[in-house]
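The values are calculated or read from the model by the stated rules, or taken from the named source; none is laboratory data. These figures come from a predicted structure and were not determined experimentally. We place every Cβ from the backbone using ideal geometry, glycine too, and count neighbours over all the protein chains shown.
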Amino acid sequence: MMREDRYLTFALGKGRLAKQTLELFERIGITCEEMKDKDTRKLIFVNEDLKLKFFLAKGPDVPTYVEYGAADIGIVGKDTILEEGRNIYEVLDLGFGKCRMCVCGPRSAKDLLLHHELIRVATKYPRIAKDYFYNKKHQTVEIIKLNGSIELAPIVGLSEVIVDIVETGSTLRENGLDVLEEVCPLSARMVINQVSIKMENERITKLITDLKSVLAQ
Ligand code: PRP
């Protein structure tokens, strides 16, 4: 028997990802009317009929809520999953929020990468950058953690290259930088708490099946 009394809780990354998640969920009959109110400052929303709870968190905190079981399910970018390295199950690629993690810089930096020079790499994603340079490329680099506007770093001389997300490529273009190497493709993913996947197996399996069938359309 399903334990219909218990709420299934979702942690959504605030912003564009949350909006696209709700649009996708509507297609499988899961709605949350009070969340559509653009002016609301509320952080938790409930669908009493379906016994679902949704809350909005900062993207990088979503895997944390899911690992500790404060949320059963999280929707978050693959970049955040890789960077946070939490103990969670990634079960589904939702297909939106598609972009790429890349090494970028001025074209002149291409030679530095080619010759494995000891360069500086600025990034919001030190773990991804470290894994890429040390484990994949076997290149020793100095990684500098920044919190945003990463494209500034090679322009002002903080670093030779950056590791950052490229979506349309317009930020790079407008700042005279290029993609030099691709680290990995990214998109929004569904992640599950390791206990919930067993305890709420029936509801979660149905959710995944329903999502897969609309994603295939
Ligand atoms: C992201 C990313 C790039 C930009 C890429 O930054 O870090 O700067 O978007 O998108 P594009 O290829 O379509 O131009 P975001 O806007 O999230 O802000 P941030 O600089 O504070 O990280």
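General remarks:
- Checked against (1) away from the ligand (no atom under 15 Å from the Cβ); (2) in a strand (DSSP E or B); (3) charged (D, E, K, R); (4) touching a residue at least 60 places away in the same chain (Cβ under 8 Å), K53 meets all criteria but (4).
- Annotation: of all residues in the range 137-160 being assigned to a helix (DSSP H, G or I) and free of Cβ contacts under 8 Å to residues at least 24 places away in the same chain, the one that is farthest from the ligand (Cβ to nearest atom) is V156.
- Residue among G105, G77, G59 that alone is modelled with pLDDT of 95 or more and more than 15 Å from V163 (Cβ to Cβ): G59
- Evaluation of E174 against (1) over 25 Å from P60 (Cα atoms); (2) of a type outside the set (S, T, N, Q); (3) within 16 Å of the ligand (Cβ to nearest atom); (4) in contact (Cβ under 8 Å) with a residue 40 or more places away in the chain (one fails), failing number: (4)
- Selection within the range 107-126 - surrounded by fewer than 17 Cβ atoms within 10 Å (Cβ to Cβ) and within 16 Å of the ligand (Cβ to nearest atom): P126
- Qualifying residue in the range 33-49 (condition: closer than 20 Å to L211 by Cα and under 19 Å from the mean Cα position of the chain (by Cα)): no
- Search result, residues across the range 56-82 that are under 15 Å from T21 (Cα atoms) and either part of a helix (DSSP H, G or I) or acidic (D, E) (or both): G59, V62, K78
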